[in-house]
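In what follows, a single structure is set out as structure tokens and then discussed.
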Amino acid sequence: MDVDGCPLPDDRRYDLERDVWAAPASGEGVVTVGVMAPLASFAGKFVAVTYRDVPGAQPVGRSVATIESVRFTGAVRLPFAATVLERNPRLPERPKLLNDAPYTDGWVVRVRPEDPRALEALAGAADVAEELRRKIRAMRIHCLPAAPDVEMFEIGAECQAILVRLDEEIGRRTVDEVVHLVTDDPTAPIEMVRWSDRTGYPVLHQWIEDELRHFLVRRVATPVPRRRRLSVD
């Protein structure tokens with residue numbers, strides 16, 4: 001399911017109050033818990049994940065980790081009473097997984113609920129969709145396929161100069177890093193297609209907000225430029 005551009009997988013249960021999801025994991029009675037995509041997009045690029053030492057059974061709402069971004073610090077809280085069995089070892093090393101893969105590789109903990117029926121007691125995607133839509137609109141959240149690592153604001157500049165600076169910026173990035181380009185140039189959508197064809201770097205996402213054009217561009221390991229076909233009479 002998709003809610004105003006934000007993914008809401010149907011195979012999970014949700015606690016909107018705590019912005020977390022839960023889903024069955026491998027192992028009898030084991031449940032995976034993670035953060036929802038709207039929170040990840042609202043927070044921006046996460047830069048730190050710190051796990052709390054919480055041995056034994058913990059009550060509903062107990063913080064199991066602190067997550068920090070450039071403009072947000074908050075806790076990941078249990079949606080039900082449970083014992084923490086496993087922490088995602090990749091998150092402290094790569095916190096941006098919370099942004100880029102909140103429902104898969106960016107999971108936070110695996111737990112065993114105190115009540116075997118606790119997972120089913122949480123709301124499904126269809127049950128929270130409308131409330132989530134109101135929350136997204138009230139907070140003006142724009143869900144993105146990847147969190148930017150750097151932003152380029154190019155207002156009042158000609159597109160040719162912008163693309164030269166974009167070439168320089170993408171050249172400084174490491175593999176999988178994402179550049180967020182913001183411009184007011186009305187020709188940008190066409191020029192960005194040409195730029196992507198020329199360089200081989202993908203434009204992940206684009207949108208218009210307040211008459212400004214936004215583009216997400218990813219640095220890939222092996223860019224493959226597209227050759228234009230020559231017409232033959």
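Quick look at the values:
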| quantity | calculated |
| --- | --- |
| Residue ID - surrounded by the fewest Cβ atoms within 10 Å (Cβ to Cβ), chosen from residues in the stretch 10-55 that are on the phi > 0 side of the Ramachandran plot and at pLDDT below 95 | G27 |
| Answer residue from the stretch 127-175, given it is assigned to a loop (DSSP other than H, G, I, E, B) and among the basic types (K, R) and is surrounded by the fewest Cβ atoms within 10 Å (Cβ to Cβ) among those | R140 |
| Those residues of the stretch 62-74 which are assigned to a loop (DSSP other than H, G, I, E, B) and more than 21 Å from G29 (Cβ to Cβ), in sequence order | V70, R71, F72 |
| Condition check for D53: closer than 26 Å to V128 by Cα, acidic (D, E) and assigned by TED's automatic domain parsing to the domain that holds G124 | no |
| In the stretch 81-116, residue surrounded by the fewest Cβ atoms within 10 Å (Cβ to Cβ) [restricted to those that are over 26 Å from A146 (Cβ atoms) and free of Cβ contacts under 8 Å to residues at least 60 places away in the same chain] | D115 |
| Meets criteria (acidic (D, E) and farther than 17 Å from E120 by Cβ) for E68 | yes |
| Subset tally (residues that are touching a helix residue (DSSP H, G or I) at 6+ places or on another chain (Cβ under 7 Å) and either farther than 18 Å from R13 by Cα or outside any helix (DSSP H, G or I) (or both)) for the stretch 35-46 | 3 |
| All positions within the stretch 197-214 that are more than 15 Å from F153 (Cβ to Cβ), crowded, with 17+ Cβ neighbours inside 10 Å and either without any contact (Cβ under 8 Å) to a residue 12 or more places away in the chain or within 22 Å of the chain's Cα centre (by Cα) (or both) | Y201, H205 |
| Neighbours by Cβ (under 7 Å, 6+ apart or cross-chain): first from the stretch 147-160, under 17 Å from W195 (Cβ atoms); second among the polar types (S, T, N, Q) and assigned to a loop (DSSP other than H, G, I, E, B) | C159/T187 |
| The one condition in (1) over 20 Å from G200 (Cβ atoms); (2) at pLDDT 95 or above that H142 fails to fulfil | (2) |
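Every residue, every condition in (1) acidic (D, E); (2) without any contact (Cβ under 8 Å) to a residue 40 or more places away in the chain; (3) outside any loop (DSSP other than H, G, I, E, B), yes or no:
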| position | (1), (2), (3) |
| --- | --- |
| R18 | no, no, no |
| A22 | no, no, yes |
| G29 | no, no, no |
| V33 | no, no, yes |
| A48 | no, no, yes |
| V54 | no, yes, no |
| V60 | no, yes, no |
| V76 | no, no, yes |
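The values are calculated or read from the model by the stated rules, or taken from the named source; none is laboratory data. For clarity, every value in this text was computed on a predicted model and none was experimentally measured. No Cβ is skipped: glycine too gets one built from the backbone with ideal geometry, and neighbour counts run over all protein chains shown.
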